[in-house]
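In what follows, a structure is listed as structure tokens, so that the remarks can point back to it.
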Amino acid sequence: MEIGTIGAGAFAQAFAKQALKTGHKVKLSNSRGPDSLREIVNHLGPGAIAATKEEAAACEMVLLAVPWDKVPETLARLPEWTNQILIDGTNPFHGEAGDFTPADVGNLSTSQLVAAHAPGARVVKALNNMTVPNLEAEPVVSGARRVAFISADNDGAKKRVEILLESFGYSVIDLGNLRDGGLIQQAGGPLAGRDFLERGES
């Protein structure tokens with residue numbers, strides 16, 4: 001399938017590499033337009049496409065990977081969502097990448113706030129606990145599968161993302177709904193930044 005990315009930084013590129021390896025096409029977008037992405041898509045190789053944010057958001061599955069402070073503005077400028085699955089890869093930090101000043105989101109998960117700004121989308125929180133190097137790395141390490149966590153209020157959307165991440169090679173663990181599961185895996189939660197591996201039964 002075609003997967004869009006809103007944002008084309010290191011996190012989105014790492015996700016794109018995993019999706020491309022499993023045969024999907026990825027439409028990457030950013031705030032500067034497709035021309036600024038030519039070098040990135042050439043580096044990623046066949047299946048990577050430079051797109052506008054509107055084109056990326058029209059895909060059946062979309063990764064949101066922009067700095068937290070830019071989430072409301074970015075989502076406000078997109079067309080209305082029509083049941084697409086929106087994977088929330090954001091974490092509540094102020095500033096650009098590398099600035100780890102926590103943002104106050106109260107007792108909500110970031111994905112609840114994303115869902116409020118993207119009515120019509122089916123939001124699934126995923127991959128928030130992973131650092132870019134771990135997301136870029138092979139999902140299987142010495143016979144053990146790297147663990148990916150997911151949370152959502154829509155079971156159908158959550159299952160679709162689970163199937164996608166399992167196809168990448170991850171062991172997927174369902175943490176429940178957007179609020180409870182989201183708070184556990186996002187920055188500030190007990191699973192944030194941790195690298196878990198699960199070894200199958202021998």
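Computed values, structure above
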read-out	value
Set V41, V26, V71: member being buried (at least 23 other Cβ atoms within 10 Å of the Cβ) and not in a loop (DSSP other than H, G, I, E, B)	V26
Filtered residues of region 142-164 (kept if touching a Leu at 6+ places or on another chain (Cβ under 8 Å), of a type outside the set (S, T, N, Q) and closer than 15 Å to D88 by Cα)	A148, F149, I150, A152, D153
Some residue of region 154-161 being touching a residue at least 24 places away in the same chain (Cβ under 8 Å) and touching a helix residue (DSSP H, G or I) at 6+ places or on another chain (Cβ under 8 Å)	no
Per-region count, region 137-157, residues in a strand (DSSP E or B) and open to solvent by less than 40 Å² (accessible area, probe 1.4 Å)	8
Members of region 44-68 that are outside any loop (DSSP other than H, G, I, E, B) and of a type in the set (D, E, K, R)	K53, E54, E55
Residue that is nearest to G120 (Cα to Cα) [pool: residues in region 44-58 that are surrounded by 21 or more Cβ atoms within 10 Å (Cβ to Cβ) and touching a residue at least 40 places away in the same chain (Cβ under 8 Å)]	A57
Residue selected from region 1-23 under the condition aliphatic (A, V, I, L, M) and touching an Asp or Glu at 6+ places or on another chain (Cβ under 7 Å), by the criterion surrounded by the fewest Cβ atoms within 10 Å (Cβ to Cβ)	M1
So R146, is it in contact with a helix residue (DSSP H, G or I) (Cβ under 9 Å, 6 or more places away or on another chain) and in contact (Cβ under 8 Å) with a residue 40 or more places away in the chain	yes
Meets criteria (under 14 Å from G89 (Cα atoms), open to solvent by 30 Å² or more (accessible area, probe 1.4 Å) and at pLDDT below 90) for L183	yes
Residue within region 158-178 that is open to solvent by 40 Å² or more (accessible area, probe 1.4 Å), closer than 27 Å to E54 by Cβ and at pLDDT below 95 present	no
Residues located in region 117-136, provided they are under 24 Å from R77 (Cα atoms), buried (at least 23 other Cβ atoms within 10 Å of the Cβ) and touching a strand residue (DSSP E or B) at 6+ places or on another chain (Cβ under 7 Å)	A118, A121, V123, V124, K125, A126
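The values are calculated or read from the model by the stated rules, or taken from the named source; none is laboratory data. None of these values were measured; they are calculated from a predicted model. Methodologically, a virtual Cβ is constructed for each residue, glycine included, from the backbone with ideal geometry; neighbour enumeration extends over all protein chains shown. We work out accessible area using only protein heavy atoms, side chains counted, and drop any ligands, DNA or RNA first. Shrake-Rupley method; radii C 1.70, N 1.55, O 1.52, S 1.80 Å.
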